[in-house]
Amino acid sequence: MNTESKIIKPTIIVTRRLPGAVHNRLVDLFDTTLNKTDTPMNQTDLRTAMAKADVLVPTVTDKIDADVINAAGPRLQLIANFGAGTDHIDVVAAHAKNIIVTNTPGVLTEDTADFAMAMILAVPRRLVAADRLTRAGGFKGWTPTGILGHRVRGKKLGIVGMGRIGQAIARRASAFGLKVHYHNRSPVSPPIEKALEARYWPDLDAMMTNMDIISVNCPSTPQTHHLITADRLALMPSHGVIINTSRGEIIDEAALAAALANGSIAGAGLDVYENEPEIHPGLLNLPNVILAPHIASATHESRLEMGEKVMINIRALYDGHRCPDRVLPPE
């Protein structure tokens, strides 16, 4: 980029309210318009923002489809996503218009893995059910048969998607004595597989049949939409548990609600939903499912680090450098 043509303070439009420290730094560095109400933008608002901005900073709640991208003005050079997943952005359409897309990889890995591990422990041990019972006055003293759950140590954990987060979960699971198995498009490298003491299953159905706990950690793509179907849930043992901290649409939510209701599987821990923020009504009153409001990565530390990555990508572009976290269309 020609030094004389550099935009020192590009116009940034942020679609959601971010942590105060991130907002303050964005305002200091750039000509920034903030969403102070935190009300998600509708498609019309997004198109308007795309027409005005040099850089759009969206989140997972924004649907940046081809129509929105085609509304971009000639100034828009960058969609700097505040988040690691980019399935809500039409990266192909953006690339066709020479609009760079970036994300915030890596900084969410450990926090999301912590949360998934918490679910892996809490669902079999019926921790939330026990909390509800106690708050409702149901605790009358210790009893040999009260809120019986299942031991975690020694159980088989099947991880669907062995990327950064899947591997981080595997490390935690091994520390708790779980036997790690995984399904992925291809095996991880032999040194990683050996370090994690993980067994690769090329056939997802075969793995699900043999697991006590399933953790869903793959990205949302056309190929993974409803990857976990009613038929696959039926393969799990009746004491089986499924955890999803990835994307809601990977599991057929109606089928999951039915499986939990009829006892064909024992429990679930969900942080994401197929039609967020709506949740399938069949899940809401079930005692054997933990429902969290999409908070697996919700730590002060991760949000600040996400904001830092957003700013690094913006600054890199306008300093004439390659954006370090550029997302390219699938090959």
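Here are the numbers:
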{"read-out": "Long-range neighbours under 8 Å by Cβ, at least six apart or interchain, first residue surrounded by fewer than 10 Cβ atoms within 10 Å (Cβ to Cβ) within segment 135-163, second among the small types (Gly, Ala, Ser) and modelled with pLDDT of 95 or more", "value": "153/177"}
{"read-out": "Residue 87 being farther than 27 Å from residue 329 by Cβ, out of contact with any strand residue (DSSP E or B) (no Cβ under 7 Å at 6 or more places or on another chain), among the charged types (D, E, K, R) and surrounded by fewer than 21 Cβ atoms within 10 Å (Cβ to Cβ)", "value": "no"}
{"read-out": "Residue satisfying condition, being among the hydroxyl-bearing types (Ser, Thr, Tyr), farther than 25 Å from residue 132 by Cα and free of Cβ contacts under 8 Å to residues at least 40 places away in the same chain, within set 229, 221", "value": "229"}
{"read-out": "Matching strands (runs of 3 or more DSSP E) fully within segment 164-279 where at least 1 residues are touching a strand residue (DSSP E or B) at 6+ places or on another chain (Cβ under 9 Å) and not assigned by TED's automatic domain parsing to the domain that holds residue 118", "value": "none"}
{"read-out": "Qualifying residue in segment 182-192 (condition: among the hydroxyl-bearing types (Ser, Thr, Tyr) and either touching a Pro at 6+ places or on another chain (Cβ under 6 Å) or under 23 Å from residue 126 (Cα atoms) (or both))", "value": "no"}
{"read-out": "Conditions (1) surrounded by 17 or more Cβ atoms within 10 Å (Cβ to Cβ); (2) over 25 Å from residue 85 (Cβ atoms); (3) out of contact with any Ser or Thr (no Cβ under 9 Å at 6 or more places or on another chain): number failed by residue 285", "value": "(1)"}
{"read-out": "Subset tally (residues that are among the small types (Gly, Ala, Ser), surrounded by fewer than 21 Cβ atoms within 10 Å (Cβ to Cβ) and touching a residue at least 24 places away in the same chain (Cβ under 8 Å)) for segment 67-82", "value": "1"}
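The values are calculated or read from the model by the stated rules, or taken from the named source; none is laboratory data. Please read these numbers as outputs of a predicted model, since none were measured by experiment. Because the Cβ atoms are built from the backbone with ideal geometry, glycine has one as well, and the counts that use them run over all protein chains shown.
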